[in-house]
Amino acid sequence: MKKLTPFVISCLLVFGVAACDNASKTSESAPNNPNEAPQTPSAKTTEASQQDAQSEVRRRQANSDIRAREQRNNTTGGDTKRAKADLESEVRSKLEVNIPKSQLTVNAADGGIVTVAGTVTNQQELAKIEKLAKEIKGVNSVVVKATVAKVTN
């Protein structure tokens, strides 16, 4: 019974997430889908996103979320075949914590293909995207459509 309850709750959560067909975004101003051209963020938007993402509370919350999802996946057999919504959310959380100034949209497709679009502030952050996304169990390939954007005032 102790193992059945978390499984049932996980199934309900996965069903609820699957019902929402929105792309996961690292910020409100990120593109709505990976095929949209990213807009350059204002200095105010970048600063607000950075303060939120770099707060210790937000960092702990995101890391806890990533660990909980991984534990849930392991409870259900640890399959590498994952729900698209789970992949999107986990990759988004991973990028949000590790690239705090970004404005990225994450979209997952069948076969563990993840597309990341939007903007980052420098080339080093752009280079991190694929590596970080592949750390999530179930991600088989990453298509990076993100660009480096200069901050405007």
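The values are calculated or read from the model by the stated rules, or taken from the named source; none is laboratory data. These numbers come from a predicted model, not from an experiment. Neighbour counts run over all protein chains shown; Cβ positions are idealised from the backbone, glycine included. Ligands, DNA and RNA are stripped out before the accessible areas are found, and what is left, the full protein with its side chains, is counted by its heavy atoms. Shrake-Rupley method; radii C 1.70, N 1.55, O 1.52, S 1.80 Å.
When ASN140 is tested against (1) over 28 Å from GLU56 (Cβ atoms); (2) open to solvent by less than 30 Å² (accessible area, probe 1.4 Å), just one condition goes unmet, and that condition is (2).
The number of residues in region 101-137 that are crowded, with 19+ Cβ neighbours inside 10 Å, of a type outside the set (A, V, I, L, M, F, W, C) and assigned to a loop (DSSP other than H, G, I, E, B) comes to 4. Residues in region 65-100 that are open to solvent by 20 Å² or more (accessible area, probe 1.4 Å), part of a loop (DSSP other than H, G, I, E, B) and modelled with pLDDT of 75 or more: ALA83, PRO100.
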